[in-house]
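Read the structure below first, then the notes.
Since every read-out is calculated from the coordinates, none of them should be taken as a lab result. Just so it is clear, the model here is predicted, and its values are computed rather than measured. Positions of Cβ are generated from backbone atoms using ideal geometry, with glycine treated the same way; all protein chains shown enter the neighbour counts.
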Amino acid sequence: MGSFFTPLSWHDAPFILTGILNTIYISTVAIIIGTILGLMVGFLRAESNRFTNVLMGGGLDVLRSVPLIIQLILFSTYIGATGHPLDPFVAGSIVLSLYTMAFMSEVFRGGFESVQQPMQVAARSLGLTYWQTVRYIRLPIGMRAVFPSWLGVALSVIKDSALVSVIGYMELLRTSEQLISRTQQPLQILIGVGFFYFLISYPLSLYGKRVEGKMVS
Amino acid sequence: MIEICDVHKSFGDLEVLKGIDLEVKKGEVVSVIGGSGSGKSTLLYCINGIEDIQQGKIVVDEVDVHAKATNQDRLRQKLGMVFQQWNSFPHLTVLENAALAPRIVLKKSKKEATEVARQELTHVGLGDKFDEYPSRMSGGQQQRLAIARALAMKPDYMLFDEVTSALDPELVGEVLDTLRMLRDDGMTMICVTHEIGFAREVSDKVAFFHQGIIEEIGSPEQVISNPCQETTRKFLSKVLH
């Protein structure tokens, strides 16, 4: 009688690859959407008066302070309870993107605020409109200043995406959990998975170093 | 022509300008001198609409600067301004700094904008710095860059707000030489300055500001060499000695 457990084999490669791709997929979506929303919210925060800022700040604080895993479970349970459950990828992307946005918005806010008033006045004195000053002066100067922080948030999103496994999205961690329960080889598999996370993050980190190097020169 | 009529300007309760009248004709160089807090820089900010005014009128070439219908962005294209701090755009090379506004505001092609920028940069003596980043240049060079950047918009007027005040003493000369050159080109200029010697040398008119009003105005010989007001004399004796 054959064993219930079968060891890890090359036949599992496509399954693992799916996990890797799904991790890359959801991280990319969250980083892109989170960056776009974060830019808008961060800009609003830099431009708003105190009152609006307190309101926005409260909402963002909730997103940043409640553990991601709780947000994921609450959101997908709530959506499920309404009778229109979402695909785990969609639900995960929404929560992870908002979570990312909350961190990115503070990063970008700092970036916009780092461009001092006299610099903006100088640009306006050349005839640039308000929005041209935002687009050609504040955005590029501010984003350069906060690029390292942006990169830090982006890298942590890749790792945080592992939590989306709790609502059933078949990303890298979840594929590995399934393999572990089948093969009972947790050590090898977790080391392998850790290595894959490193492989996904490292190029981004390298890219960041290159961009920073360029900015210094 | 720039016509300033009875301009009042307050920051909250503090009235900084208390009824300024001044006329600057095409080709004229007017220097504004006076102690700090006398309102002279504020006047420049009002002329190109960075600051509102509470009363009076500023008219540039028949356009009321603070009228609701006035497109100030458009108006600023003909009013070049250079500040105490040079505010170079750190993410752009020297050439890109000067070419930015012609390209974006005047919608010139990249080639045309670059050409104008090259000309103006060469004019102020930065012909060998095109590809440099501003952070690698001295304050004097960055201030000349700021002048070239404003000139690249082909303004009709230039407003200078204490452009040498933040410079190390040994760098003041090169910036003043650039201003002299502009005067020789026939540029209409208003210079707020603490360089009394320079004001005497280049100006057609000198205005002495004191506590928000023009205490004395006239030719440099009259205002600087033979002031008739006591306050002017006091101020000059302080800055000249």
Q: Would you please put A:180-186, A:135-141 in order of how densely packed they are, using the mean number of other Cβ atoms within 10 angstrom per residue and starting with the highest?
A: A:135-141, A:180-186
Q) Past the 30 Å Cα-Cα mark, which pairs from A:Lys209/B:Lys111; B:Lys26/B:Lys68; B:Lys26/B:Lys108; B:Lys68/B:Lys129; B:Lys78/B:Lys111; B:Lys57/B:Lys110? A) A:Lys209/B:Lys111; B:Lys68/B:Lys129; B:Lys57/B:Lys110
Q: Give me the angle, in degrees from 0 to 90, between the Cα long axis of helix A:139-160 and the longest principal axis of the Cα atoms of chain A, rounded to the nearest 10.
A: 20
Q.
With angles folded into 0 to 90 degrees, how steeply does helix B:139-151 sit against the dominant principal axis of chain B? Use alpha carbons for both and round to 10.
A. 90
Q) Highest GNM mean-square fluctuation, chain A, Cα pairs closer than 10 Å: which of A:Met119, A:Met143, A:Met170? A) A:Met119
Q. In peptide A:30-41, how many Cβ atoms from other protein chains are near each Cβ within 10 Å, on average?
A. 0
Q | Loop sites in the stretch B:30-111: trypsin sites (Lys or Arg not before Pro), DSSP, at most 13 other Cβ within 10 Å | A | B:Lys68, B:Lys107
Q) List the GluC sites (Glu not before Pro) in the stretch B:1-94 that DSSP assigns to loop (not H, G, I, E or B) and whose Cβ has at most 14 other Cβ atoms within 10 Å. Which are they? A) B:Glu62
Q) Roughly how crowded by other chains is peptide B:76-88, in terms of the mean Cβ count from those chains within 10 Å of each of its Cβ atoms? A) 4
Q: Could you tell me what fraction of 2.2 N^0.38 Å the Cα radius of gyration of the stretch B:2-240 comes to, as a two-decimal ratio?
A: 1.01
Q) Which cross-chain or sequence-distant (5 or more) residues have an amide H under 5 Å from the amide H of B:Gly19, H modelled 1.01 Å from N in plane? A) B:Val7, B:His8, B:Lys9
Q) Once you list every other residue whose beta carbon is under 12 Å from the beta carbon of B:Ser41, what net charge do they have if Lys and Arg are +1 and Asp and Glu are -1? A) -1
Q) So for B:Ile47, B:Ile213, A:Ile32, fewest C-beta neighbours within 10 Å to most, what's the order? A) A:Ile32, B:Ile213, B:Ile47
(Q) Would you report the distance distribution of C-alpha pairs in the stretch A:12-216 as whole percents per 5 angstrom bin, up to the bin with the largest distance? (A) 1, 7, 13, 15, 16, 14, 12, 8, 6, 4, 2, 1, 0, 0
Q: Report the dimensions of the protein assembly as shown along its three principal axes from the alpha-carbon atoms, largest first, rounded to Å.
A: 116, 48, 41
Q | Cα long-axis angle, helix B:94-104 against chain B (0 to 90 degrees, to the nearest 10) | A | 80
Q | Part-to-part distance (alpha-carbon centres) for the stretch A:180-217 and the stretch B:192-233, which is given in Å | A | 69
Q. What's the local net charge at A:Val146, with K and R +1, D and E -1, over the other residues with C-beta under 14 Å away?
A. +1
**Q.** Farthest positive-ward along the stretch B:137-224 dipole, Cα basis, beta-carbon charges - from B:Ile213, B:Met137, B:Cys191
**A.** B:Met137
(Q) How far apart, in nanometres, would the label points at A:Arg182 and A:Lys214 be if each is projected 7 angstrom from Cα along the Cα-to-Cβ direction? (A) 4.2
**Q.** Label-point separation in nm, A:Tyr25 to B:His8, each point 7 Å along Cα→Cβ
**A.** 6.9
Q) Full extension from B:Ala69 to B:Asp185: what is 0.36 nm times the residue separation minus their Cα-Cα distance, to one decimal in nm? A) 38.5 nm
Q.
Highest mean first, how do B:215-222, B:226-233 rank when packing is the count of other Cβ atoms within 10 Å averaged over residues?
A. B:215-222, B:226-233
(Q) I'd like the distance separating the alpha-carbon centroids of the stretch A:99-129 and the stretch B:80-130, in whole Å. (A) 22
Q: Using only atoms on other chains, find how many Cβ atoms lie within 10 Å of each Cβ of peptide B:40-53 and report the average.
A: 1
Q.
Which of B:Asp204, B:Asp161, B:Asp13 ends up with the largest GNM mean-square fluctuation for chain B, with Cα atoms connected below 10 Å?
A. B:Asp13
**Q.** FRET efficiency, 1/(1 + (r/R0)^6) with R0 45 Å, evaluated for A:Tyr130 and A:Val62 via beta carbons
**A.** 0.90
